[in-house]
Amino acid sequence: MRSATISRKTNETEVTVSVALSGGMADVGGSVRDCADVGSVRDCADVSAGRIDTPCGFLNHMLTLFSFHGGFSLNVTARGDTDVDYHHLTEDVGIALGQCIKDAVGDGRGVARYASQFLPMDEALILVALDISGRAHLNYDVPITAQKVGDFDTELVGEFLSGLCRSLGLTLHVKLFYGVNAHHVIEAVFKGLGRALGKATAIDASRGGVPSSKGSLFS
């Protein structure tokens with residue numbers, strides 16, 4: 001199917017994410033199924049293209065860039081306790097997105113698995129290197145001096161990536177080489193992440209099986 005939908009509800013947030021990977025379903029549209037047991041969801045709904053709707057404008061912008069540069073069809077609808085801050089919302093969107101991509105990848109048969117991307121954004125230069133390995137690890141070496149971009153706490157980028165890695169089973173390294181403007185730096189992170197994940201989840205025509213000597217990515 002190369003697509004999946006996750007609905008995740010806690011006392012803090014309510015998040016629904018739908019994704020179709022590059023080369024996934026051509027026929028988009030349909031209803032979203034509410035899945036209480038998130039861990040058991042597999043390809044549980046069709047995907048409608050291109051709607052990012054959270055209370056945080058900056059997060060919406062970053063997810064749109066991620067989707068565009070990854071070549072994904074992505075829908076995100078999220079609400080939460082934003083009267084506190086955007087922490088729970090941002091982290092839980094990352095968790096749901098990771099679960100969704102994992103479900104869309106399935107057993108990983110034929111995917112490239114590894115990818116890296118250097119991404120310049122004006123004065124900023126970011127490296128993203130990743131492995132869809134089933135092993136969650138994040139090395140986030142992106143010092144940002146500004147505490148906020150608009151009303152978005154810049155430290156929440158790390159929380160988003162941590163949630164994504166845990167739920168997807170992703171090994172992810174993100175390193176800042178140059179960068180002064182916080183918006184440029186974070187934009188480079190999301191664009192680079194999209195492009196790297198787009199390449200890693202793409203089907204490698206030279207491989208017919210699961211790209212692991214163990215015979216499995218996620219177990």
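No value in this document is a laboratory result; all are computed from the given coordinates. Keep in mind it's a predicted model, so treat the numbers as computed, not measured. Virtual Cβ from ideal backbone geometry, glycine too; neighbours counted across all protein chains shown.
Full extension from Asp107 to Ile203: what is 0.36 nm times the residue separation minus their Cα-Cα distance, to one decimal in nm? Can you show the working numbers first?
Numbers: separation 96, 0.36 × 96 = 34.56 nm, distance 1.24 nm.
This chain segment gains 33.3 nm when fully extended.
P(r) for the stretch 116-219, please, calculated from all Cα pair distances in 5 Å bins and given in %.
Here the calculated profile for the stretch 116-219 is 2, 13, 21, 23, 17, 11, 7, 4, 2, 0.
May I ask you to derive the FRET efficiency for Asn139 and Ser212 from their Cβ-Cβ distance with R0 = 25 Å, giving the value to the nearest 0.05? Mind showing how you got there, number by number?
Values: r = 21 Å, r/R0 = 0.84.
Computed FRET efficiency for Asn139 and Ser212 comes out at 0.75.
Using only the alpha-carbon atoms of the stretch 106-177 as identical scatterers, what base-10 log of I(q)/I(0) does the Debye formula give at q = 0.17, 0.23 Å⁻¹?
Debye curve over Cα of the stretch 106-177, log10 I(q)/I(0) at q = 0.17, 0.23 Å⁻¹: -0.71, -1.09.
Using a Förster distance of 25 Å, how high is the FRET efficiency between Asn11 and Arg51, based on the Cβ-Cβ distance and rounded to 0.05?
Working: r = 25 Å, r/R0 = 1.01.
For Asn11 and Arg51, the calculated efficiency is 0.50.
Could you put Lys175, Lys102 in order, starting from the residue whose Cβ has the fewest other Cβ atoms within 10 Å? The partial results should precede the final answer.
Values: Lys175 14, Lys102 22.
In order of increasing Cβ crowding within 10 Å: Lys175, Lys102.
Considering only C-alpha atoms, what is the centroid distance from the stretch 82-134 to the stretch 159-179, in Å?
Their Cα centres are 6 Å away from one another.
Over the chain, calculate the relative contact order: mean separation of alpha carbon pairs under 8 Å at least 6 apart, over the residue count, as a percent. Show your work: numbers first, answer last.
Details: 552 pairs, mean separation 55.1, N = 219.
Relative CO of the chain lands at 25 percent.
Normalise the Debye intensity by I(0) for the stretch 3-201, one equal point scatterer per Cα, no solvent, then take log10 at q = 0.08, 0.15, 0.17 Å⁻¹ and round to two decimals.
Log10 of I(q)/I(0), two decimals: -0.23, -0.85, -1.12.
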